[in-house]
1. Mind listing just one residue for me: the one in the stretch 31-57 that is touching a Lys or Arg at 6+ places or on another chain (Cβ under 9 Å) and not acidic (Asp, Glu) and, of those, least open to solvent (accessible area, probe 1.4 Å)?
2. Which residue is farthest from the ligand (Cβ to nearest atom), if the candidates are limited to the stretch 143-157 and must be in contact (Cβ under 8 Å) with a residue 60 or more places away in the chain and open to solvent by 20 Å² or more (accessible area, probe 1.4 Å)?
3. May I ask you to list pairs of residues, at least six apart or on different chains, whose Cβ atoms are under 6 Å apart, with the first in the stretch 113-130 being at negative phi and the second being loosely packed, with under 10 Cβ neighbours inside 10 Å and in a strand (DSSP E or B)?
4. Quick check: anything in the stretch 107-121 open to solvent by less than 80 Å² (accessible area, probe 1.4 Å), under 19 Å from Leu174 (Cα atoms) and at pLDDT 95 or above?
5. Any residue in the stretch 15-30 that is open to solvent by 10 Å² or more (accessible area, probe 1.4 Å) sitting within a Cβ distance under 7 Å of a residue that is part of a strand (DSSP E or B)? List the pairs, counting only those 6 or more apart or interchain.
6. Quick test for you: out of Gly139, Gly168, pick the one residue that is farther than 21 Å from Ala86 by Cα and within 16 Å of the ligand (Cβ to nearest atom).
Amino acid sequence: MGSIQAHTFRPRDLVGGHIIIDLVNTVTARDTEPIDWLDGYPRLLEWAALTSQFDPVALTVLQRLADTEPDNAALALDRTRELREALHDLITTLIRKDAPASPQAVDQVEKHWKHAVASARLTVRGNTPQPQVNVETSGLEYLNHELALQAFDLLRSLPLERTHVCPGLRCGWLFIDRSRGGRRRWCDMATCGNAAKGRTHYQRKRQTASNRATITRPTTSSSTHPVAEPSA
Ligand SMILES: [Zn+2]
């Protein structure tokens, strides 16, 4: 992992289409020099609150626990990072389909999932029995347990043809394309999409400018540069 940088999470950081993909995307610039935006356990809580997928009361309990046990909170964050990186490795291999999944990544995900299940109760919601964890039992590991359970659900149903790596410069985010046409190319049109459009526009403008310069050069010039014929 590259550097760790403070970052205030905004809604536009959650464009992955699933909380687990958004977790993987708490590292940016994976295509160049990765930057980890989770610079502390409070930041993880900030991110968790923004996802709106956790009970705010549970997040307040976690904040209090982190205040009184900062060392354990730091260890919990280390485990979040470990799970996140294993998921990144596993998901990118699955969607590329050009190599078998790394056994280490699978082992890591398995380990996290087992820890989560060991703390879970089987509860029936609607007509679906599912493992459920809570902050009272899991303590500072609550987010890790919840994320591990959700990761397991996602991995079993990940739409491989619709999961992509954003080709944006200094991005490398993953996203699930849930658009109707399935032609989403960028993590976010407003950031990577526009940046790419800006670059193409700039290159086109430069191209046009240099063509014009070549064309308007007087043909009687003694310049040794070859003079391009205006194209038809
Ligand atoms: Zn992007």
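1. Result: Leu38.
2. My answer is Glu146.
3. Pro129/Leu122
4. yes
5. What qualifies is Val15/Phe175; Gly17/Phe175; Gly17/Ile176; His18/Ile176; Thr28/Ile35.
6. Gly168
The values are calculated or read from the model by the stated rules, or taken from the named source; none is laboratory data. Keep in mind it's a predicted model, so treat the numbers as computed, not measured. Counting neighbours? That spans all protein chains shown, and the Cβs are built from the backbone with ideal geometry, glycine included. Just so you know, the surface numbers come from the protein's heavy atoms only, side chains and all, with ligands and any DNA or RNA stripped out. Shrake-Rupley method; radii C 1.70, N 1.55, O 1.52, S 1.80 Å.
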